[in-house]
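To keep things clear, I will list the structure first and then write my remarks on it.
The values are calculated or read from the model by the stated rules, or taken from the named source; none is laboratory data. Predicted model only: the values in this text are computed from it and were never measured. Cβ atoms come from the backbone with ideal geometry, glycine included; neighbour counts cover every protein chain shown.
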Amino acid sequence: MAGKSSSWMGLAEPTMGYIDPKAWNKLISEQQKPVVEKNLLLGVYDAEACSRSALEYPDKLEILQGVGEVVTTWLLYGPVSRYSDTIIAGLSCITRCVEHTTTT
C-alpha cells in the first residue's frame, strides 16, 4: 500500500477526494490528469492518483492501491440527445512508474 515511503504524489485536483492526503509527504496538484501521468513517467512524482493509466501502460505503471470506481457526471443541455448507451465508470487507483522505482 502507498504511504510515506512513496513520498511525492501527483494528482489532478478532482482526484483529491479519493486519497488519504496524510499518507503522503508532498502532494503536487496539476490542472489535468494527462499532465500528472506524463510527469509520473518522467519521474517527477513517486506515485499518482489516476484512472485507467495503469491498465493502458502495464509495462510502465504498477498499481499500488485500488481506490474503487469513479463515476463522474457531465451534463450538457440541448434539443437532441446525442448519447443513449450505458454510463461508463472507470477504475481509479494509485500507481507508480516501474522505470523510476528503486528497491531497498
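Here's the yes/no breakdown for (1) exposed (fewer than 11 other Cβ atoms within 10 Å of the Cβ); (2) touching a helix residue (DSSP H, G or I) at 6+ places or on another chain (Cβ under 8 Å); (3) polar (S, T, N, Q); (4) at pLDDT below 65:
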{"position": "15", "(1), (2), (3), (4)": "no, yes, yes, no"}
{"position": "24", "(1), (2), (3), (4)": "no, no, no, no"}
{"position": "53", "(1), (2), (3), (4)": "no, yes, yes, no"}
{"position": "63", "(1), (2), (3), (4)": "no, yes, no, no"}
{"position": "73", "(1), (2), (3), (4)": "yes, no, yes, yes"}
{"position": "86", "(1), (2), (3), (4)": "yes, no, yes, yes"}
{"position": "93", "(1), (2), (3), (4)": "no, yes, no, no"}
{"position": "97", "(1), (2), (3), (4)": "no, yes, no, no"}
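Annotation: of all residues in the stretch 7-27 being among the aliphatic types (A, V, I, L, M), in a strand (DSSP E or B) and under 17 Å from residue 61 (Cβ atoms), the one that is farthest from the chain's Cα centre (by Cα) is 9.
Within the option set 62, 30, 37, being acidic (Asp, Glu), in contact with a strand residue (DSSP E or B) (Cβ under 9 Å, 6 or more places away or on another chain) and farther than 15 Å from residue 94 by Cα holds for one residue only, 30.
Residues in the stretch 40-59 that are more than 11 Å from residue 98 (Cβ to Cβ) and touching a strand residue (DSSP E or B) at 6+ places or on another chain (Cβ under 8 Å): 43, 44, 45, 46, 47, 48, 49, 50, 51, 52, 53, 55.
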